[in-house]
Structure formats: structure tokens, C-alpha cells
């Protein structure tokens, strides 16, 4: 089976699987959910579907990913803000999505057009140099430490431990999102390292939120969402390694 055919089948499985899982989870949680939370549950489900559409199209290097992404960013940012307001983690991710991820969807659309996406097929992907990877690694570590101390000042979890778990679970996906989105919008293969991190840490964050507040029915939607994202991100890295082969070969010459 060639790569194009595999990606079509994989994308279809991801989209159908996510849709079915989201509908089932929403239906199960809808009855026990308080009436004032039901709208939020449904909106969260819609955002999750837009998000999986964005990640699937991104894995295939298609520019429409930024349309789906913008819708998902607006919904997810709103839910994170509500989650933080009720005393759990989410402030960092809310600010991230409103102030950074949203504008970066527009940047990505412009950059991908410059890299040939408007001509059809996948975007002309590239890879970081060794120096670039070192700079990104140092920047990630510094940004994680800085973000922790900033967000810890606004923590509403009432934790008095030296390391606040809710803040850590908020900061890690936040910083991974920043680096992943920046590399994605500029068409670098290494974005997928950070997207895998986002998905793992987000599953941990929403699992912690659900354990702290079992009434947060929308948390289950996001656990399912990021589970599918994680599987898709692994395929995305595989596909972008192929898309960026020419750039890697040029750097080796």
C-alpha cells in the first residue's frame, strides 16, 4: 500500500472514530449533566470534531487545517477559561489559545501558501538544522520554567505544595502548543515532537481535572479528543518525515 492510500484510509478511520466516540461520550454524559452545563458539553464536542479535522488535514500537509484550527481554538480557549474559573487548571491554555494560537492560524495559512500548498498536494515541509534544534530545546526549557512561575501566581487549585500539579499540567501543554504551533505554521517537521507532548500532557491535565471535579462532563470529551490526537500525531510525524526528505537531503549536501 502506497503512502497516499494509507493516509486516506488512516484519515477516514480517525475522523469516523473520533465522531462516533464523541457522540457516544456526549450521549452518556448528557443525562447526568446539569442543565446549565449541557450547552458547554455539546460545544466541547463540536470543538473536538473541528480539532480532529484540523490535525488530520495537518498530518497530510493541507492548508484547510487552519480553518478547522481557528474554530477549535476559539471553542477550546473558552472551555479552558471556564474550567479555570471553577478552580481547576486551564488559565494558561485559555490565554494561549486566544492570544497566540488564534493569530497563528492566519500566519500558518500565509506561510503554507508561500511554500506551495496552493498548487495542490502537501506543503513543502522542512527540517530544523542541528543549531536550530539546540536553540528550540533551550528555549523550550526556559519557557517552561518562566510559564510555571507566572501561572502559579494565578493558581486557583488551593494547592500548597512546592510544585503545584495543576499548574504543571497546565504549563506543559501550553509551552508545547506554542512551539508546536510556531513550527507548524512555518512548516517544520519537528512540530510533531511537540504535538505528541501536547497530547500526552493534555490527557494528563483533563484526567486530573476530572478526578478533582467529577461533574466536569466536558473533561471526558477532551480526554477522548487528545487520545485520538496522540494516535494521529504519531502518523503525522511519519508522514512529515517523508514530506521533508528533500529538505533533509539538501542540508546534507
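The values are calculated or read from the model by the stated rules, or taken from the named source; none is laboratory data. This is a predicted model, so every value here is computed, not measured. Quick reminder, even Gly has a Cβ in these numbers, built from the backbone with ideal geometry, and neighbours come from all protein chains shown.
Some observations on this one:
- Flag if residue 44 is under 20 Å from the mean Cα position of the chain (by Cα), more than 27 Å from residue 174 (Cβ to Cβ) and in contact (Cβ under 8 Å) with a residue 40 or more places away in the chain: no
- Verdict on residue 78 being over 20 Å from residue 183 (Cα atoms) and either modelled with pLDDT of 90 or more or crowded, with 17+ Cβ neighbours inside 10 Å (or both): yes
- Scope segment 4-47; condition exposed (fewer than 15 other Cβ atoms within 10 Å of the Cβ) and not in a helix (DSSP H, G or I); matching residues: 31, 32, 34
Okay, residues lined up against (1) touching a strand residue (DSSP E or B) at 6+ places or on another chain (Cβ under 8 Å); (2) crowded, with 24+ Cβ neighbours inside 10 Å; (3) over 23 Å from residue 2 (Cα atoms); (4) in contact (Cβ under 8 Å) with a residue 60 or more places away in the chain:
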residue: 193; (1), (2), (3), (4): no, no, yes, no
residue: 201; (1), (2), (3), (4): no, no, yes, no
residue: 212; (1), (2), (3), (4): no, no, yes, yes
residue: 235; (1), (2), (3), (4): no, no, no, yes
residue: 248; (1), (2), (3), (4): no, no, no, yes
residue: 251; (1), (2), (3), (4): no, no, yes, yes
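- Screening residue 68 against (1) surrounded by fewer than 23 Cβ atoms within 10 Å (Cβ to Cβ); (2) more than 14 Å from the chain's Cα centre (by Cα); (3) over 16 Å from residue 98 (Cβ atoms) leaves a single unmet condition, (2).
- Residue under evaluation residue 59, criteria (1) in contact with a helix residue (DSSP H, G or I) (Cβ under 8 Å, 6 or more places away or on another chain); (2) farther than 20 Å from residue 196 by Cβ; (3) in contact (Cβ under 8 Å) with a residue 12 or more places away in the chain, criterion not met: (2)
- Just one of the numbered conditions (1) modelled with pLDDT of 90 or more; (2) in contact with a helix residue (DSSP H, G or I) (Cβ under 8 Å, 6 or more places away or on another chain); (3) surrounded by fewer than 20 Cβ atoms within 10 Å (Cβ to Cβ) is not true of residue 154: (1).
- Failed condition for residue 1, given (1) without any contact (Cβ under 8 Å) to a residue 40 or more places away in the chain; (2) part of a helix (DSSP H, G or I); (3) farther than 30 Å from residue 150 by Cα: (2)
- Residue match in segment 220-229 (condition: part of a helix (DSSP H, G or I), under 14 Å from the mean Cα position of the chain (by Cα), farther than 23 Å from residue 13 by Cβ and touching a residue at least 24 places away in the same chain (Cβ under 8 Å)): no
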